[in-house]
Amino acid sequence: MTRHVFTPLATLAIATLLSISGAYAAGLDGLRAHRAVYDLALDKASERSGITGMNGRIVYEMKGSVCEGFAVRFRFLTTVQTPRKSFTTDQRSTTFESGDGLDFSFVTQSFLNGQLERELRGSAERKAQSVDVTISKPNELSIRLDGAIFMTAHIGKLIEAAKNEDTIFAQRVFDGSDNGDKLVDTTAIIGKSKPNYAQQDGETPEIAQTFEDEPGWPMSVSYFDTDDNTQTGEKTPIYQVSFILHESGVSRRLKMQYEDYSLNGALTGFEYLESKPCD
């Protein structure tokens, strides 16, 4: 899931980079290729937001493994109502992250009422002390950022921290969102594992049964702008995402909290996908 309005949670990073071997792969070995569909509904909205109604859908598809890399396709479609008009937003992203966590490519398209408004294409390379980003569209640009990890690696780190029974986990991440020229700081609050989560709101009994033998951890991840130097004291997150995370990398019971509104997401469609096993 990514980090600005009408885009979900994707993932996040470190300031001091580890060697890539076993330490990097920890938490990734249990990930399973899957396709998940979440139906979105407005939880609440402030008067300042101007939002009177919102619904939508997230479609998330992850394929691959540590040995072949991870390909992720993500779509976030919303319909928003205001007192004067309604409109639809549609954000689509495709990313690929190498299994060793060194290379990352991304394509993001933003549509408003069915019309393409913006397309971003680029790649990033993880170096010893930096992330080197190359943007090819809309304009050619090369940027050197501080050290960070990429999207799928962040999921693996969250799982690793949860298995270690850590309750707080901080990471710095590059996910290619916004203009592809920034990092994001994240702080995760991790609850205790439960061996079996009951059927969640909006789920079918069949979906709930899929996870009945798979432990999960309740988590809340806050996202912070690394470039925001205007705040003093404790920083306010750009947004927060709460969910149940399973060892397979599947998320359930989403809640996305923005400054002026929040959305609930129910897992209404799900399937595991075939993936080439590592030798």
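The values are calculated or read from the model by the stated rules, or taken from the named source; none is laboratory data. Computed from a predicted structure; not experimentally measured. Virtual Cβ from ideal backbone geometry, glycine too; neighbours counted across all protein chains shown. With ligands, DNA and RNA removed, areas are computed over all heavy atoms of the protein, side chains included. Shrake-Rupley method; radii C 1.70, N 1.55, O 1.52, S 1.80 Å.
Take the conditions (1) surrounded by 15 or more Cβ atoms within 10 Å (Cβ to Cβ); (2) at pLDDT below 95; (3) in contact with a strand residue (DSSP E or B) (Cβ under 7 Å, 6 or more places away or on another chain); (4) not polar (S, T, N, Q); Tyr24 misses just one of them, which is (3).
Picking from residues in segment 166-202 that are part of a strand (DSSP E or B) and among the charged types (D, E, K, R), the one that is most open to solvent (accessible area, probe 1.4 Å) is Lys194. Restricted to segment 257-279, and to residues there that are modelled with pLDDT of 95 or more and hydrophobic (A, V, I, L, M, F, W, C), the residue that is surrounded by the fewest Cβ atoms within 10 Å (Cβ to Cβ) is Ala266. The criterion of at least 1 residues that are touching a Leu at 6+ places or on another chain (Cβ under 9 Å), open to solvent by 50 Å² or more (accessible area, probe 1.4 Å) and more than 30 Å from Ala266 (Cβ to Cβ) is met by the following strands (runs of 3 or more DSSP E) wholly inside segment 58-144: 115-126, 130-137.
Please work out if Ile244 is in contact with a strand residue (DSSP E or B) (Cβ under 9 Å, 6 or more places away or on another chain), part of a strand (DSSP E or B) and open to solvent by less than 30 Å² (accessible area, probe 1.4 Å). Judged against the criteria, Ile244 is a match.
Taken together, the residues in segment 203-226 that are of a type in the set (Asp, Glu) and open to solvent by 50 Å² or more (accessible area, probe 1.4 Å) amount to 3. Do we find a residue being open to solvent by 50 Å² or more (accessible area, probe 1.4 Å) and either part of a strand (DSSP E or B) or at pLDDT below 95 (or both) anywhere in segment 151-159? No: segment 151-159 contains no residue that is open to solvent by 50 Å² or more (accessible area, probe 1.4 Å) and either part of a strand (DSSP E or B) or at pLDDT below 95 (or both).
The single condition among (1) at pLDDT below 90; (2) closer than 30 Å to Ser49 by Cα; (3) open to solvent by less than 60 Å² (accessible area, probe 1.4 Å) that Asn229 does not meet is (3).
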